[in-house]
Amino acid sequence: MYAVILTGGKQYKVAVGDEVFIEKLEGEAGDSITFDNVLAVGDDAGITAGSACKATVAGEIVKQGRGNKIVVFKYKAKKGYRRKAGHRQPYTRVRITAINA
């Protein structure tokens, strides 16, 4: 059985036991979380999607990732000067514990 959930503006296909990296959520490691915005649920019988899909997905926060790390790369070759600045988005690692369909 699998489900497609929507969180942080992105869609994730998850199954029980999966660990996914999603946009940062409130909570600490070990807290349980419920995803109510389930777009589709699939199993051996078929796929249920749209408004007919009244399911929830339960998960547990495994780790809160650090973000906002600015990566700066400066380089001077024989010609010109190159500089690259980056950004690392904060994330939350979640283990899916149950799909309630």
Check your understanding: Where residues in region 27-36 are among the hydrophobic types (A, V, I, L, M, F, W, C) and assigned to a strand (DSSP E or B), which of them is surrounded by the most Cβ atoms within 10 Å (Cβ to Cβ)?
Key -> F35
Practice item. Would you be able to say whether some residue in region 51-63 is at pLDDT below 90, over 21 Å from the mean Cα position of the chain (by Cα) and under 16 Å from A101 (Cβ atoms)? Key: yes
Revision key, fill the gap. Considering residues that are of a type outside the set (A, V, I, L, M) and in contact (Cβ under 8 Å) with a residue 60 or more places away in the chain, the number found within region 1-10 is 1
Practice item. Give the number of residues within region 77-98 that are in contact (Cβ under 8 Å) with a residue 24 or more places away in the chain and basic (K, R). Key: 2
**Study point:** Which numbered condition A29 fails, given (1) of a type in the set (G, A, S); (2) over 17 Å from N100 (Cβ atoms); (3) more than 16 Å from the chain's Cα centre (by Cα)
**Key:** (3)
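For (1) under 17 Å from M1 (Cβ atoms); (2) surrounded by 14 or more Cβ atoms within 10 Å (Cβ to Cβ), each residue gets a yes or a no:
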residue: V38; (1), (2): yes, yes
residue: G46; (1), (2): yes, no
residue: C53; (1), (2): yes, yes
residue: V57; (1), (2): yes, yes
residue: I61; (1), (2): no, yes
residue: G80; (1), (2): no, no
residue: Y91; (1), (2): no, yes
residue: R95; (1), (2): yes, yes
residue: I99; (1), (2): yes, yes
**Study point:** Among the residues listed as K74, K24, K13, the single one being free of Cβ contacts under 8 Å to residues at least 24 places away in the same chain and surrounded by 13 or more Cβ atoms within 10 Å (Cβ to Cβ)
**Key:** K13
Point to revise | Long-range neighbours under 9 Å by Cβ, at least six apart or interchain, first residue in a helix (DSSP H, G or I) within region 49-65, second surrounded by 14 or more Cβ atoms within 10 Å (Cβ to Cβ) | key: G50/L39; G50/A40
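The values are calculated or read from the model by the stated rules, or taken from the named source; none is laboratory data. All of these numbers come straight from a predicted model, not from anything done at the bench. Cβ coordinates were reconstructed from backbone atoms using ideal geometry, including for glycine residues, and neighbour counts include every protein chain displayed.
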